[in-house]
Structure formats: C-alpha cells, structure tokens
Amino acid sequence: MPLVDDSAEDGTATVAAVQGNVPRLGLDFNAQRRAVLDNHAARTRELAEAVKEKREPQPDFVLWPENSSDIDPYANADAADVIDEAVRAIGAPTVIGAVVAPETGKLRNTLIQWEPGLGPVATYDKRHVQPFGEYIPMRSLVRIFNSNVDRVRRDFGAGTKIGVFDLAGTKVGLATCYEAAFDWAVRDTVTHGAQLITVPSNNATFGRSEMTYQQLAMSRVRAVEHSRAVVVPVTSGVSAVIRPDGEVVAQTRMFTPDVLVEKVPLRSSQTPATRMGTLPEFLLMALAAAGLGWSALRSVRARRTRAE
C-alpha cells in the first residue's frame with residue numbers, strides 16, 4: 001500500500017496566508033509593533049480588493065503569522081479595530097497571532113480565531129514556549145553571564161489546550177513556530193480531528209539566517225508524517241503552502257510583503273505515524289538497550305572464561 005497520498009478525502013479549502021513583513025530585522029523587530037500589525041491588515045485589505053476585482057479567489061479562511069499583532073487586541077481597542085476592519089473586508093474567518101498581556105501573570109503567545117462580524121471566538125495559547133527566547137529559566141543566575149536576558153522583560157507562560165479551530169467548516173490544527181519540531185505538538189492536533197495543519201511563525205528575530213528554511217523543512221516532514229496539507233504563514237518569510245506529500249506548491253521571498261492563496265486538499269485518515277505516535281521510537285530504543293545489554297553480558301562472560 002502507498003504510504004504517501006495527497007488526494008482530497010474531505011474536499012478542498014481555499015486558504016490565504018498573509019506575510020505582512022516587518023519594519024526592521026533582528027531582535028528589535030517589534031520596536032514598531034503597530035507597523036507590523038498595520039502591515040498584515042493592509043495586505044489583507046489588498047487581498048479583499050483583489051477578490052472583489054476577481055483577480056484572486058475568495059479564501060475560505062485567512063491565516064496571519066505568529067506575532068502579527070504584538071499589541072494585545074483585548075486590551076487595546078485601536079488594535080482590535082484594525083484587525084476587525086481587515087477581517088470584515090476579506091469576509092472570512094482569520095487566525096491572528098497576538099501577544100496577550102493579562103494584568104497579572106505571564107504573557108501568552110496566542111492564536112485568535114477572529115470571525116467577521118463576531119470578533120474573537122476562540123484562542124490557542126502556545127504550549128511549548130522556548131527557553132531563553134520566550135522565558136528565561138534561572139534568570140538571576142543567567143544574568144551573571146549575559147545581561148541580554150533582561151531583554152525578555154516578562155516571561156511567557158505555556159498553554160495547556162490542544163489547538164484545533166473550526167474555520168468555515170474546516171478543522172485546522174495549530175502548531176506555533178518551533179512547536180513543529182516536537183512530535184506530540186503536531187500529532188495531537190491530527191488525533192483531535194485536524195484536516196489541515198498551520199504553523200504560524202515569526203522568523204524576523206533570526207534575520208536572514210537559514211532558520212526559516214530549517215523550519216520549512218520541519219513543516220514538510222510533518223505534512224508527510226500525518227498526510228496533511230501544511231500552511232506556514234510567517235511575518236517576514238519564507239511563508240509557504242505544502243501539500244500532504246511534502247511538495248511546496250507556493251512560497252514567498254524573505255522580507256517581502258506577500259499573500260499566498262491556494263486550494264489545498266483536506267484529509268481525515270490517519271497514517272501509521274499518526275496512529276502509533278512515538279511508540280516505534282520507544283521500541284527502537286528498547287531494542288538498542290537490549291542489544292547493548294546483551295553485548296555487555298557476552299563481554300563479561302568472555303572475560304570470565306579467559307580468566308578461568
């Protein structure tokens with residue numbers, strides 16, 4: 001039986017991935033947070049005009065990247081208005097990447113499902129936050145060696161709920177940025193019904209390094225592993241649309257505003273990798289451990305035999 005299949009089991013969906021770009025590179029990219037939000041809103045309104053003029057198909061849903069709104073839309077009415085205007089213009093549910101800042105406690109790296117006419121209706125908080133990027137472990141000790149830890153002024157906290165949004169009838173699994181590197185973070189969404197996976201990311205902090213291509217490669221692996229189309233919307237590139245067989249059918253250039261609109265297959269069957277999860281890895285580890293134990297035992301017996 002073929003192990004890779006990219007046929008549409010549950011029909012198709014037309015998806016738009018928005019890459020708004022950022023005003024500057026590196027760790028200070030978010031010094032102009034409103035500019036980043038405005039960029040993504042502007043690209044979405046431009047897409048709405050293109051749809052109106054029949055230059056682009058109407059998307060079933062729209063995906064913005066991680067950190068596309070570093071301004072908390074729950075606490076800042078002006079940010080919420082900008083997002084709401086863009087979502088109303090395109091007339092489709094849109095996933096917004098936002099930094100949510102509660103009055104007390106830790107920050108949240110949150111994906112928000114924003115519906116036209118309704119506003120935010122569902123959220124997903126990133127579950128695997130990154131040490132030394134989103135939070136600083138042993139801050140007082142680490143500060144002795146590098147004062148840059150204080151650039152992370154407030155730690156992010158980890159979410160606990162699996163992220164699957166119902167976007168216009170399509171179950172979309174959510175894995176934020178480097179969560180794509182962790183087996184369970186992606187597999188959980190598929191076992192909970194995801195027909196398509198999205199990996200919204202913010203690569204601006206890594207400048208023009210190879211990081212974005214490494215992450216794209218991870219997303220291609222996840223597409224084949226779970227036989228799902230994967231959409232990767234990124235703030236500054238490379239955004240991409242990947243078919244379930246790992247083929248990249250569309251991608252952007254780095255640090256270039258753009259929008260990808262593609263029709264992708266929806267699938268619900270589970271691959272052997274999805275069903276078994278990490279079981280094969282543990283079996284291989286057990287087999288390796290047994291082999292090492294057997295080899296060590298034979299070595300001990302051989303030495304005893306020679307000693308006799």
Leading residue by the ranking (most open to solvent (accessible area, probe 1.4 Å)) among those in region 54-102 that are of a type in the set (K, R) and assigned to a loop (DSSP other than H, G, I, E, B) | K54
Tell me, please, whether a residue that is more than 20 Å from the chain's Cα centre (by Cα), in a loop (DSSP other than H, G, I, E, B), touching a residue at least 24 places away in the same chain (Cβ under 8 Å) and within 29 Å of V186 (Cβ to Cβ) can be found in region 139-162.
-> yes
Selection from region 133-150 of residues open to solvent by 40 Å² or more (accessible area, probe 1.4 Å) and over 18 Å from A180 (Cα atoms) yields Y135, M138, R139, S140, L141, R143, I144, F145, N146, S147, N148, D150
All but one of (1) assigned to a strand (DSSP E or B); (2) touching a Lys or Arg at 6+ places or on another chain (Cβ under 8 Å); (3) over 18 Å from I197 (Cα atoms) hold for V121; which doesn't?
-> (2)
Qualifying residue in region 33-53 (condition: open to solvent by less than 10 Å² (accessible area, probe 1.4 Å), at pLDDT 95 or above, under 20 Å from the mean Cα position of the chain (by Cα) and among the small types (G, A, S)) | yes
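The values are calculated or read from the model by the stated rules, or taken from the named source; none is laboratory data. As the structure is a prediction and not an experimental result, all values here were calculated from the model. Backbone-built Cβ (ideal geometry, glycine too); neighbour counts: all protein chains shown. To get the accessible areas, we keep the full protein, side chains included, count just its heavy atoms, and leave off ligands, DNA and RNA. Shrake-Rupley method; radii C 1.70, N 1.55, O 1.52, S 1.80 Å.
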